[in-house]
1. Residues in the range 283-297 that are surrounded by 15 or more Cβ atoms within 10 Å (Cβ to Cβ) and not hydrophobic (A, V, I, L, M, F, W, C): how many?
2. State the number of residues belonging to the range 362-391 that are crowded, with 17+ Cβ neighbours inside 10 Å and without any contact (Cβ under 8 Å) to a residue 12 or more places away in the chain.
3. With respect to the numbered conditions (1) at pLDDT 85 or above; (2) touching a Phe, Trp or Tyr at 6+ places or on another chain (Cβ under 7 Å); (3) acidic (Asp, Glu), which one is the sole condition not fulfilled by Asp261?
4. Can you pull out the residues in the range 321-340 that are assigned to a helix (DSSP H, G or I) and crowded, with 20+ Cβ neighbours inside 10 Å?
5. List the pairs whose first member sits in the range 69-80 and is more than 12 Å from Leu40 (Cα to Cα), whose second member is open to solvent by less than 50 Å² (accessible area, probe 1.4 Å), and whose Cβ atoms are under 6 Å apart, counting only residues at least 6 apart or on separate chains?
6. How many residues does the range 133-148 hold that are open to solvent by 50 Å² or more (accessible area, probe 1.4 Å) and either part of a helix (DSSP H, G or I) or farther than 14 Å from Asn161 by Cα (or both)?
7. Enumerate the pairs (first residue in the range 253-269 and surrounded by 10 or more Cβ atoms within 10 Å (Cβ to Cβ); second residue anywhere and among the hydroxyl-bearing types (Ser, Thr, Tyr)) with beta-carbon separation below 8 Å, excluding pairs fewer than 6 apart on the same chain, so at least 6 apart or on different chains.
8. Going by the conditions given, is Ser277 under 48 Å from the mean Cα position of the chain (by Cα), within 22 Å of Val234 (Cβ to Cβ) and loosely packed, with under 12 Cβ neighbours inside 10 Å?
Amino acid sequence: MPQKILNTVKRPDRSPTARYRHQDRIWRLNAARWRQELLLLLLSAVPGGVLFMLGGAISWAIALTFACYALSLLYRLMRLARNVRRQFTGQTTYGLTGLIQDRQRRVRASWVRRQRKLVDLLKRYHRSAMSVPDAMVVLTPLREIEWLNDAACDLLNLTQNDVGLRIDNLIRDPTFVNWLGEGASGRVLEFQSPGDEQRALNLRMEPYGEDRSLLIGRDVTALYRLQGVRQDFVANVSHELRTPLTVLAGYLETLLDSEEDTQGEMFRILTNMHQQSERMRRIVEDLLLLSRLETSRPDEEYFESIDMRSLLETVAHDAQLLSGAEQHQILLEVDPGLWLVGIMRELHSALSNLVFNAVKYTPGGGTITIRWQQNEKNQPVFEVEDTGIGIEPRHIPRLTERFYRIDVARSRTRGGTGLGLAIVKHVILRHDAKLDITSQLNQGSVFRVTFPASRAERHNAPNLTTGMKNAQ
């Protein structure tokens with residue numbers, strides 16, 4: 001775009017008065033052009049008139065008139081074409097070609113204004129993208145860097161000279177390379193900054209345009225430090241509380257055993273104190289377990305092949321004892337030939353929590369179904385379905401938070417700590433599984449844990465469907 005034209009184009013005034021003046025000016029200019037064309041036609045008729053006066057041949061006079069007018073029009077069109085090629089150097093044509101030239105100039109000026117707006121918009125977008133604190137890298141289908149901002153240079157240890165190079169050749173970390181190779185869209189990667197190992201990054205890939213990808217990296221170092229401080233605090237406090245609570249519970253048990261009057265006020269007070277101390281002890285134990293799950297990675301040597309039929313029969317038996325006089329019907333639908341590679345102790349804790357929650361929140365006489373089978377993708381799936389009170393949709397996203405309770409009074413009556421589903425979440429994450437919860441009020445809930453197909457093992461055994469119901 002010529003700089004001369006950019007400099008001469010002014011920003012238009014959008015007021016009603018300015019628009020009226022602009023339209024009036026265009027009308028006046030068009031009228032002047034038509035007057036010029038009429039004058040040129042009259043001038044073209046002069047040679048024809050002279051010929052008619054000399055020879056009296058009207059046909060030749062008319063032909064000469066139109067020939068002169070056609071030559072005039074051809075000359076003006078040639079000037080107009082030359083002006084277009086020269087980007088409007090200021091030469092002016094008259095008449096009808098002047099109308100065309102005026103229209104071209106207006107269209108050109110409008111186009112220049114739109115281009116200037118577009119350039120300004122692109123510049124503002126570029127400045128805003130460069131000032132974003134998150135790393136942003138635009139990648140081609142071949143994972144070549146097409147554009148990156150300043151934060152990407154800082155967080156990913158890249159430079160502007162790396163544009164056009166493959167990002168997996170610049171960042172050689174195996175975790176990052178595998179993440180890209182396995183299809184990064186929709187998946188989040190926790191990653192150490194290549195330039196500073198003390199920095200923790202959160203990377204994700206989003207589709208961008210028709211065939212581009214946008215790599216977004218966020219510095220989460222401060223968040224990780226806060227989480228570490230919280231975890232250390234909870235672990236230390238829980239560890240310090242465990243010993244005095246154990247001593248307190250021991251003395252209360254001794255006092256209860258020595259109390260002869262089991263109907264007296266003192267026995268009731270001691271019983272209540274013992275129950276609350278046991279509840280505190282369970283909370284401390286759950287906090288310590290949760291802290292260990294959060295701060296440690298599962299060691300592969302602890303993974304083993306687990307007979308899920310045997311494990312779930314044990315869980316169902318414990319649930320039957322927990323049901324007691326409420327007479328819940330507990331059904332097992334288990335594929336005994338489907339085994340799972342995992343950590344027995346952690347899985348027992350997580351699956352027990354899911355089943356026990358179903359017992360606690362299902363009215364007496366209700367049905368609880370425990371399923372273990374493979375889905376159409378050959379993934380092992382554990383399900384607990386109950387006919388309980390159900391859960392409102394607004395509570396479901398927060399169920400796995402620490403100490404989150406839907407009904408506080410009912411949870412305390414049932415002896416819950418508010419940490420069971422938080423423990424479940426971390427256990428299934430350590431097994432690369434996913435938890436899905438569906439529920440309807442007054443109809444029941446389904447808690448579904450889907451494990452990856454790589455953790456399944458197949459052993460030859462017949463399917464098993466059994467029912468368990470508390471004895472009267």
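1. Our first condition is that a residue be surrounded by 15 or more Cβ atoms within 10 Å (Cβ to Cβ); within the range 283-297, this holds for 283-291, 293-294.
Checking which are not hydrophobic (A, V, I, L, M, F, W, C) leaves us with 285-286, 291, 294.
Total satisfying the criteria: 4.
2. 0
3. Status for Asp261: all satisfied but (1).
4. Of everything in the range 321-340, just one residue is assigned to a helix (DSSP H, G or I) and crowded, with 20+ Cβ neighbours inside 10 Å, namely Ser323.
5. From residues that are more than 12 Å from Leu40 (Cα to Cα), the pairs are Leu77/Thr97; Arg79/Thr93; Leu80/Thr93; Leu80/Thr97; Leu80/Gln101.
6. So in the range 133-148, the residues open to solvent by 50 Å² or more (accessible area, probe 1.4 Å) come out as 133, 141-144, 146-147.
Applying the additional criterion that residues be either part of a helix (DSSP H, G or I) or farther than 14 Å from Asn161 by Cα (or both) yields 133, 141-143.
Count: 4.
7. Taking only residues 6 or more apart or on different chains, the pairs are Leu256/Thr271.
8. When the stated conditions are applied, Ser277 does not pass them.
The values are calculated or read from the model by the stated rules, or taken from the named source; none is laboratory data. Since the structure is predicted, the reported quantities are computational estimates derived from the model, not experimental observations. As a convention, Cβ positions derive from the backbone with ideal geometry for all residues, glycine included, and neighbour counts pool all protein chains shown. Each accessible area value is taken on the protein alone, full model and side chains, heavy atoms only, with ligands, DNA and RNA left out. Shrake-Rupley method; radii C 1.70, N 1.55, O 1.52, S 1.80 Å.
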